[in-house]
Amino acid sequence: MGRTMQVSDSVVIKAAALAIWEQVADPRQMPRWSPENTEARTQSPERPLAVGETFEGSNRRGPATWVTESVVIESEPARRFAFTVRRIGPRSPVLAGSNATWSYDFEDLGSMTRVTETWTDDRRGWPDWTAWLFDRIVTRGRSFADFQRLNIHRTLMAMKDDFEAGR
């Protein structure tokens, strides 16, 4: 049996799709919600990013820290924001290669919005046994799909709490 290459979850938030998209499409806001992302840096002024723009993210999982470089692949106001992680490293993003794609879809429900976060494993060139071993080492015993399923849920719940509190 092959590994799960994509997981997603959704939440309904009492906020306008455009208001949520504007903040999600500015990666500097993600540390407010993500259990792993601690900082994001862009080269543009504070605003939603457009297709082709890049950003760096600093991350922490337990004692491990790493930095990623991502490129925005979709940015449609109030509808979708997606990026792919194209470099990674312990202190700077020096190792090039397909890693993961993250996407956020926004469905306008009137006074509410359904937000769907999706993680796609872009390590398609990795043999399943290599991914299995690597995943269990870096996630303390789980597959990345199972690990990201929990992270996505945590992110969406934090996002819901944040927006519904009016922050």
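The values are calculated or read from the model by the stated rules, or taken from the named source; none is laboratory data. Note that the coordinates shown come from a computational prediction; the quantities given were computed from them, not determined experimentally. Counting neighbours? That spans all protein chains shown, and the Cβs are built from the backbone with ideal geometry, glycine included. For the accessible areas, the whole protein counts, side chains as well, though only heavy atoms, and no ligand, DNA or RNA atoms are used. Shrake-Rupley method; radii C 1.70, N 1.55, O 1.52, S 1.80 Å.
Search the range 1-47 for residues being among the acidic types (Asp, Glu) and in a strand (DSSP E or B), and hand back the single one that is farthest from Thr101 (Cα to Cα). Residue satisfying both the conditions and the ranking: Glu39. Scanning the range 76-105 for residues that are at pLDDT below 90 and among the basic types (Lys, Arg) gives a single hit, Arg91. Thr4 meets all of the listed conditions (1) in contact with an Asp or Glu (Cβ under 8 Å, 6 or more places away or on another chain); (2) crowded, with 18+ Cβ neighbours inside 10 Å; (3) closer than 19 Å to Ile152 by Cβ but one, namely (2). When Val115 is tested against (1) farther than 30 Å from Ile13 by Cα; (2) in contact with a strand residue (DSSP E or B) (Cβ under 8 Å, 6 or more places away or on another chain); (3) among the β-branched types (Val, Ile, Thr), just one condition goes unmet, and that condition is (1). Here is the figure for the range 59-115: residues that are farther than 26 Å from Ala19 by Cβ, more than 14 Å from the chain's Cα centre (by Cα), in a strand (DSSP E or B) and not aliphatic (A, V, I, L, M) total 7.
Considering only residues in the range 123-167 that are of a type in the set (Phe, Trp, Tyr), part of a helix (DSSP H, G or I) and modelled with pLDDT under 95, the one that is surrounded by the fewest Cβ atoms within 10 Å (Cβ to Cβ) turns out to be Trp129. Considering each residue of the range 42-55 in turn, none proves to be modelled with pLDDT of 95 or more and within 12 Å of the chain's Cα centre (by Cα).
In summary, Thr113 fulfils each of the numbered conditions (1) in contact with a Ser or Thr (Cβ under 6 Å, 6 or more places away or on another chain); (2) open to solvent by less than 40 Å² (accessible area, probe 1.4 Å) with the single exception of condition (1). Pairing residues of the range 134-147 that are closer than 15 Å to Trp119 by Cα with residues that are open to solvent by less than 30 Å² (accessible area, probe 1.4 Å) and assigned to a loop (DSSP other than H, G, I, E, B), at Cβ distances under 6 Å and at least 6 apart in sequence or on separate chains, gives Asp135/Ser143; Phe147/Thr139. Go through the range 12-27 and report how many residues are surrounded by fewer than 17 Cβ atoms within 10 Å (Cβ to Cβ) and farther than 9 Å from Phe106 by Cβ. Adding up the residues that qualify gives 4.
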